[in-house]
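The values are calculated or read from the model by the stated rules, or taken from the named source; none is laboratory data. Since the structure is predicted, the reported quantities are computational estimates derived from the model, not experimental observations. Counting neighbours? That spans all protein chains shown, and the Cβs are built from the backbone with ideal geometry, glycine included.
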Amino acid sequence: MRDYEIVQSGSSRSFPSGDEFLARSVAGAEVLVRLGGSGGEDAKRAAVLIELDTECLGVHTGEFSGNEGSNVLGFARYRNGLDAPTNLIELVRQPKSSQEAVEAARLMFESAGFAVVVCADQPGRIIDRLVRPKYNAALRFLDEGLATAEAMDMTCRMGLGYPDGLIERVTRGDLARHYDVSSAIHEMTGQPAYMPARRAVVAKKRQSL
């Protein structure tokens, strides 16, 4: 396994307390993993990894007319809202990111047992960019009376082969969390499909009561 050092300055969605990954931190390792906070470059490291939530990596590194990139990369371990984190790591690179840093990060995560996909520094990365419009559409169909939640979820499972239905999944993951993710992508892209559906807006407002 490739060694890594963890510097944690806040809570982590990718690796909550008690996660086995946290216990394997090795001081001074070539790969530095920053959880719950930001930090600059460290030329001594093969790669510096910053955990991302809904923000882009450029928030932490700055952007330079499409020439940004160094040994600092972003990452997020995918999880559906309040569900446990999955085994998938989305590794975020910038246009001029060091290929050596990307490979060092990939090797580190894969040797720790994770599946890794590499993506550009775009809002929503891969998974949220794909699934959030589907959740919004399903929630709007529910509001419009197209079908019951149970009927739509059964269609997804039996007709499309999904492991769970869209309404079931977004509700279990927390509608307020869906609001946060979907609205962040909508703010950066302006695409109507990411505008949070009414039920997500209600859930977010109720969260603050």
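Can you list the helices (runs of 4 or more DSSP H) found entirely within region 97-190 that contain at least 3 residues being at pLDDT 95 or above and outside the structural domain of residue 22 (by TED's automatic domain parsing)?
Because the criterion is at least 3 residues that are at pLDDT 95 or above and outside the structural domain of residue 22 (by TED's automatic domain parsing), the helices (runs of 4 or more DSSP H) in region 97-190 that meet it are 127-144, 149-154, 166-173, 175-189.
Any residue in region 180-209 that is closer than 21 Å to residue 13 by Cα sitting within a Cβ distance under 7 Å of a residue that is not in a helix (DSSP H, G or I)? List the pairs, counting only those 6 or more apart or interchain.
The qualifying pairs are 180/54; 181/54; 182/196; 183/196; 184/54; 184/123; 185/123; 185/124.
Mind listing just one residue for me: the one in region 27-58 that is over 22 Å from residue 107 (Cβ atoms) and modelled with pLDDT of 95 or more and, of those, surrounded by the fewest Cβ atoms within 10 Å (Cβ to Cβ)? Can you show your working first?
Let us first name the residues in region 27-58 that are over 22 Å from residue 107 (Cβ atoms), namely 36-38, 40, 53-56, 58.
From what's left, modelled with pLDDT of 95 or more: 53-56, 58.
Values: 53: 12, 54: 19, 55: 15, 56: 20, 58: 14.
Among residues in region 27-58 that are over 22 Å from residue 107 (Cβ atoms) and modelled with pLDDT of 95 or more, the one surrounded by the fewest Cβ atoms within 10 Å (Cβ to Cβ) is 53.
Pick from region 94-129 the residues that are of a type in the set (D, E, K, R) and crowded, with 21+ Cβ neighbours inside 10 Å: which of them is farthest from residue 41 (Cα to Cα)?
128
For the structure I just gave you, tell me whether residue 98 is over 24 Å from residue 10 (Cα atoms) and polar (S, T, N, Q).
Against the criterion (over 24 Å from residue 10 (Cα atoms) and polar (S, T, N, Q)), residue 98 qualifies.
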